Each structure stands twice: as C-alpha cells, then as structure tokens.
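Only one structure is covered here, and it is reproduced in the block below.
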Amino acid sequence: MQERRIGVGIIGLGTVGCGALKILLEQQEELSRRVGARLEVVRLATRDPSKPRPVAFDPRLLAKDGWEVIEDPRVDIVVETIGGVGAAKAFVFGALERGKAVVTANKELMAKFGREILDLAKRK
C-alpha cells in the first residue's frame, strides 16, 4: 500500500519561513509519524532567491512566485509567512479558494480578515 503524502508549500523565506522549513526538513520523520502521512516540502517562494538562507534546500523547489506555489497540484498545505495584508491576503484567499489548507501566523491579516478567512475555509 502506498504511503499517503501531504505536500507543503511555503510562501516567504524570511526568518519565520526558514524556521518553518528547517523544522519540516529536520523533523520530517517525526512529524510524518504524528500526522499519519508523509509530510513533504514540494514548493517554496521568496522575493529574492539569490539571498543566502540559514537552511539548505533543493533549489529546484523554488517557484517564481507565490501563485506558482498555490497552483501546484502537489501542494496540499500552503504556509504563508510573508506578513502584512497585501500579497499575504491574496495568497491566503487564493489558496483557500483552490481547496488548499492554509497555515499562517499573520496577526495583522487575521485581525483584519480572520472572520472572512475562517468562513471561506469552512466552505472549502
């Protein structure tokens, strides 16, 4: 029987995004065991792909932008770590509209649009 897989895409590779990526890569086996499926980072997006990062990753995972992460059929969960409400709002709503699960710690976004985000998530 084939192991169930959950594809993760991260939008934003600043401090928070790299921290999330590091945990997902270094603790993949334990996290996969806990959720009962193979957690696999499949796409990453950042404004500046040439910037040095504190975590090593396969550069082939880099998308040209956040929309490429959202549109990737392998991505089941979108992790938004860019902050603010402009592009972050568009990415979160776009991911939810496509039936993707979303993880965000964006307090400003949740304070301003939390009810709408939760309502959309429930509908999808």
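Read-outs throughout are calculated quantities, based only on the coordinates presented, and are distinct from any laboratory measurement. These figures come from a predicted structure and were not determined experimentally. All Cβ positions, glycine included, derive from the backbone under ideal geometry; neighbour counts span all protein chains shown.
In loop segments of the stretch 3-46 as defined by DSSP, the GluC sites (Glu not before Pro) with at most 12 further C-beta atoms inside 10 Å of their C-beta are Glu3. Label sites at Met110 and Glu68, each approximated as a point 7 angstrom past Cα along Cα to Cβ, lie 3.0 nm apart. Which residue, Ala63, Ala45, Ala105, tops the fluctuation ranking in a GNM of the chain built on C-alpha contacts under 10 Å? Result for the chain, Cα springs under 10 Å: Ala105 fluctuates most. Looking at the chain as a GNM with Cα springs under 10 Å, which of Lys100, Lys51, Lys64 has the largest mean-square fluctuation? Greatest mean-square fluctuation among the candidates belongs to Lys51.
Just to verify a number: FRET efficiency for Gln28 and Val85, C-beta to C-beta distance, R0 = 25 Å, to 0.05? Intermediate values should be presented prior to the final figure.
Numbers: r = 31 Å, r/R0 = 1.25.
The formula returns an efficiency of 0.20 here.
Simple spin-label estimate for Val35 and Glu3 gives 1.3 nm between the two label positions (7 Å along the Cα-to-Cβ direction from each Cα). What does DSSP give for the chain in terms of the percent of beta bridges that are antiparallel, rounded to the nearest 5? Roughly 0 percent of the DSSP beta bridges within the chain come out antiparallel. Normalised by the number of residues in the stretch 5-123, the mean separation of alpha-carbon contacts (under 8 Å, six or more apart) gives a relative contact order of 28 percent.
Taken about its Cα centre, the stretch 1-87 carries a charge dipole of about 120 debye when Lys and Arg each add +1 at the Cβ and Asp and Glu each add -1 at the Cβ.
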